[in-house]
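The values are calculated or read from the model by the stated rules, or taken from the named source; none is laboratory data. Since this is a predicted model, take the numbers as computed values, not measurements. Cβ placement follows ideal geometry from the backbone for every residue including glycine, while neighbour counts extend to all protein chains displayed. The accessibility values were calculated without ligands, DNA or RNA, using every heavy atom of the protein model including side chains. Shrake-Rupley method; radii C 1.70, N 1.55, O 1.52, S 1.80 Å.
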Amino acid sequence: MKNPVRVAVTGAAGQIGYSLLFRIASGAMLGDDQPVILQLLEVTPALKALNGVVMELQDGAYPLLAGVVTSDDPMVAFKDADYALLVGAMPRKAGMERGDLLSANGGIFKPQGEALSEVASPDVKVLVVGNPANTNALIAQQNAPKLKPEQFTAMVRLDHNRALSQLSAKTGKPVSGIRRMTIWGNHSSTQYPDLSQTTVDGTPALDLVDQAWYEGDFIPTVAKRGAAIIEARGASSAASAASAAIDHMRNWALGTAEGDWVSMGIPSDGSYGVPEGLIYGFPVTVKDGVYSIVQGLPVSDFSRRMMDATAKELTEERDAVRDLGLVK
Ligand code: NAD
Ligand code: LMR
């Protein structure tokens with residue numbers, strides 16, 4: 001058995017937390033041979049509810065759960081953390097765009113970036129789930145001078161999984177046969193779910209579906225799925241978001257499958273003409289815990305327009321949080 005690793009989760013008493021913690025404890029995120037110590041952060045009024053969640057974690061008798069720490073202080077919850085999942089933030093309500101949460105949630109991520117920088121493991125891998133996830137990741141990253149920019153990522157994996165599922169339903173083929181799906185850009189309605197490189201059982205996806213469905217149905221359905229769930233459930237997605245967070249971290253820690261890639265929101269290095277520094281969804285492969293952008297993919301005029309539109313929105317979000325004094 002390996003030595004335990006420390007996994008910090010913020011917003012741990014919230015609805016995503018309730019789906020996420022038990023799967024981390026079960027080994028779904030880091031593997032069946034990796035014990036974990038959960039370090040759970042909440043706001044002070046939620047600590048009582050968090051204690052109830054901890055009681056349930058105990059009652060799960062998970063063999064891999066080597067300890068649980070709870071706190072309302074990021075300096076405690078992030079101490080020596082090897083992985084940090086920043087979930088704690090307000091969810092949007094019906095009629096809002098995720099960017100509308102910037103002023104409410106942006107302020108959470110500056111002190112959390114500072115605390116991660118001070119006390120987390122120097123190799124900590126950070127995933128931001130709280131919306132607007134890409135720009136919140138940028139805020140945390142910019143306030144963590146002792147950590148490397150690439151240690152901060154944002155979740156576009158839920159969009160990636162939604163895209164797999166929509167394509168599977170349309171083609172009648174299982175998700176397991178789909179490769180090379182990409183979500184470019186922001187976790188927002190400007191995202192670009194790109195089928196141009198995707199294959200289904202080895203056949204190009206765009207040979208199996210028509211362009212009208214791709215542009216008029218698939219892209220908006222994936223991009224607006226979060227709003228559709230809020231409308232139907234009366235609350236934002238939680239179990240599917242937790243599952244996507246598990247998938248993101250698992251691939252980052254343990255690697256991606258040969259011949260395939262996944263989508264991660266990561267700091268742009270200027271690849272594909274995306275302005276450097278934006279936290280932008282890219283196709284990535286992972287080896288030995290290090291992700292790399294898949295290079296050399298052709299970009300059609302349609303893709304260019306879609307990729308630029310979502311980069312423009314992220315640039316505007318960055319300018320907005322600059323005005324709030326949250327990034328340089
Ligand atoms: P929730 O309201 O059920 O839970 C959020 C929790 O965060 C609450 O318990 C709250 O007390 C806690 N919290 C608030 N501020 C905190 C702070 N400063 N430190 C620690 N904890 C804090 O919300 P939820 O449904 O779990 O969603 C959480 C966030 O995730 C929302 O912003 C939501 O929009 C976002 N989300 C993102 C994705 C994605 O794909 N990136 C998917 C689903 C939800
Ligand atoms: C989602 O995509 O389901 C989440 O980001 C929640 C939301 O506000 O849509």
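Kirkwood hydrodynamic radius (Cα pairs, Å) of the chain?
19.9 Å
Give the long-range amide H neighbours of Val327: residues separated by 5 or more places, or on another chain, with amide H under 5 Å away, using H modelled in the peptide plane at 1.01 Å from N.
Arg322
Need the list of aspartates and glutamates near Lys79 for cross-linking: C-alpha distance under 20 angstrom, and skip anything on the same chain fewer than eight residues off.
Glu42, Glu114, Glu118, Asp123, Glu150
Just the number, please: Stokes-Einstein D of region 220-280 in µm²/s, Kirkwood Rh from C-alpha pairs, 37 °C, 0.692 mPa s.
Translational D for this selection: 234 µm²/s.
Quick one: check the C-alpha center-to-center distance for region 67-132 versus region 157-181, whole angstrom.
About 29 Å separates the Cα centre of region 67-132 from the one of region 157-181.
Of the accessible area of region 189-254, with the probe set at 1.4 angstrom, what percent is carbon plus sulfur?
Answer for region 189-254: carbon and sulfur cover 48 percent of the accessible area.
Along the charge dipole of the chain, pointing to its positive end and built from +1/-1 on Cβ of Lys, Arg, Asp and Glu, which listed residue (Gln295, Met96, Ser165) has its Cα farthest out?
Going by the Cα projections, it comes out as Met96.
Is there a quick way to get the dipole size of region 88-194? I mean about its Cα centre, with the Cβ of Lys and Arg at +1 and of Asp and Glu at -1; what is the value in debye to the nearest 20?
In total the dipole reaches around 460 debye.
Which Cα, out of Phe282, Ala257, Ala84, lies furthest along the positive dipole direction of the chain (beta carbon charges, K/R +1, D/E -1)?
Farthest towards the positive pole: Ala84.
Rounded to the nearest 20 Debye, what is the dipole magnitude of region 210-272 about its Cα centre when Lys and Arg each give +1 and Asp and Glu each give -1 at the C-beta?
With Lys and Arg at +1 and Asp and Glu at -1, about 360 debye.
Would you list which aspartates and glutamates come within 12 Å of Lys93, measuring only between C-alpha atoms, while excluding same-chain residues fewer than 8 positions from it?
Correct list for Lys93: Glu231.
With the other protein chains left in place, how much accessible area per residue, in square angstrom, belongs to region 1-85 at a 1.4 angstrom probe?
Computed with neighbouring chains in place, this is 45 Å² per residue.
Please tell me the relative contact order of the chain in percent, rounded to the nearest whole number, where contacts are Cα pairs under 8 Å and at least six residues apart.
Relative contact order for the chain comes out at 17 percent.
Mind checking the full-extension length gain between Asp301 and Asp288? Use 0.36 nm per residue of separation minus the Cα-Cα distance, one decimal, nm.
Roughly 1.2 nm would be gained on extension.
Which lysines have a Cα less than 22 Å from the Cα of Lys287, not counting those fewer than 8 places away in the same chain?
Filter leaves Lys2, Lys125, Lys148.
What is the extension gain from Asp59 to Met75, computed as 0.36 nm multiplied by their sequence separation minus the C-alpha to C-alpha distance, in nm to one decimal?
Gain on stretching Asp59 to Met75: 3.0 nm.
Magnitude of the Cβ-charge dipole of the chain, K/R +1 and D/E -1, about the Cα centre, nearest 20 debye?
Dipole size: approximately 240 debye.
Tally Lys/Arg at +1 and Asp/Glu at -1 over every other residue whose Cβ is under 13 Å from the Cβ of Val119; what's the total?
-2
Using a 7 Å offset from the Cα along the Cα-to-Cβ direction at both Asp308 and Lys93, what is the distance between the two label points in nm, to one decimal?
3.8 nm
Cβ under 13 Å from Ser240's Cβ, Ser240 left aside: what net charge do those residues give with Lys, Arg +1 and Asp, Glu -1?
Summing Lys/Arg as +1 and Asp/Glu as -1 gives +3.
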